[in-house]
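Student: What follows is a structure written as C-alpha cells; I'll ask about it next.
The values are calculated or read from the model by the stated rules, or taken from the named source; none is laboratory data. These numbers were taken from a predicted model, which means no experiment stands behind them. Please note: Cβ atoms are built from the backbone with ideal geometry, for glycine as well, and neighbour counts cover all protein chains shown. Remember, those area values only see protein heavy atoms, side chains included, never the ligands or the DNA or RNA. Shrake-Rupley method; radii C 1.70, N 1.55, O 1.52, S 1.80 Å.
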Amino acid sequence: MLFDKQVQHITHNIMYLDSAKKEEIFEKFGQGKQDTGSAESQIALFTHRIAHLTEHMKQARDITRYRAIVKALGLRK
C-alpha cells in the first residue's frame, strides 16, 4: 500500500512536463518537435525527467519512506 501511494506521488510529479516542454526537447535534440520516438529524443526526455526527480528527491527528508521505496523497488543490493 505504501509503495502504491509513492508510485502515484512520483507519477503525479512527472506530469509537470507539458506538451510544450516536450516539443521543445524533441525539437532541440530530435529531428523536430514531432519526433517522439528517436533515441535522441527519448534520451533527452528521460534526462530531463531524471533531473527533475533528482531535485525533488533532494527535498525529501523522510528516511523511512526512502528506505521503503528502495526496498520495494529492489534497489541498492
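Student: Return yes or no: is residue 25 of a type in the set (A, V, I, L, M), out of contact with any Phe, Trp or Tyr (no Cβ under 9 Å at 6 or more places or on another chain) and modelled with pLDDT of 90 or more? Step through it out loud before you land on a result.
Tutor: Working: of a type in the set (A, V, I, L, M): yes; out of contact with any Phe, Trp or Tyr (no Cβ under 9 Å at 6 or more places or on another chain): yes; modelled with pLDDT of 90 or more: yes.
So residue 25 passes the test.
Student: Please work out which residue is farthest from residue 66 (Cα to Cα), limiting yourself to region 20-54 and to residues that are open to solvent by 60 Å² or more (accessible area, probe 1.4 Å) and not in a helix (DSSP H, G or I).
Tutor: Of everything passing the filter in region 20-54, 31 is farthest from residue 66 (Cα to Cα).
Student: Suppose we filter region 55-77 for residues that are surrounded by 10 or more Cβ atoms within 10 Å (Cβ to Cβ), modelled with pLDDT under 85 and either among the β-branched types (Val, Ile, Thr) or not in a helix (DSSP H, G or I) (or both); how many remain?
Tutor: 2
Student: Ok, one more. Scan region 51-66 and report the pairs whose first residue is without any contact (Cβ under 8 Å) to a residue 40 or more places away in the chain and whose second residue is assigned to a loop (DSSP other than H, G, I, E, B) and among the small types (Gly, Ala, Ser), with Cβ atoms within less than 8 Å and a gap of 6+ or a chain change.
Tutor: Qualifying pairs under 8 Å: 66/60.
Student: Can you list residue pairs whose Cβ atoms sit under 8 Å apart, with the first residue in region 17-43 being closer than 26 Å to residue 56 by Cα and touching a residue at least 12 places away in the same chain (Cβ under 8 Å) and the second being β-branched (Val, Ile, Thr) and open to solvent by 100 Å² or more (accessible area, probe 1.4 Å)? Count only pairs 6 or more apart in sequence or on different chains.
Tutor: 29/43
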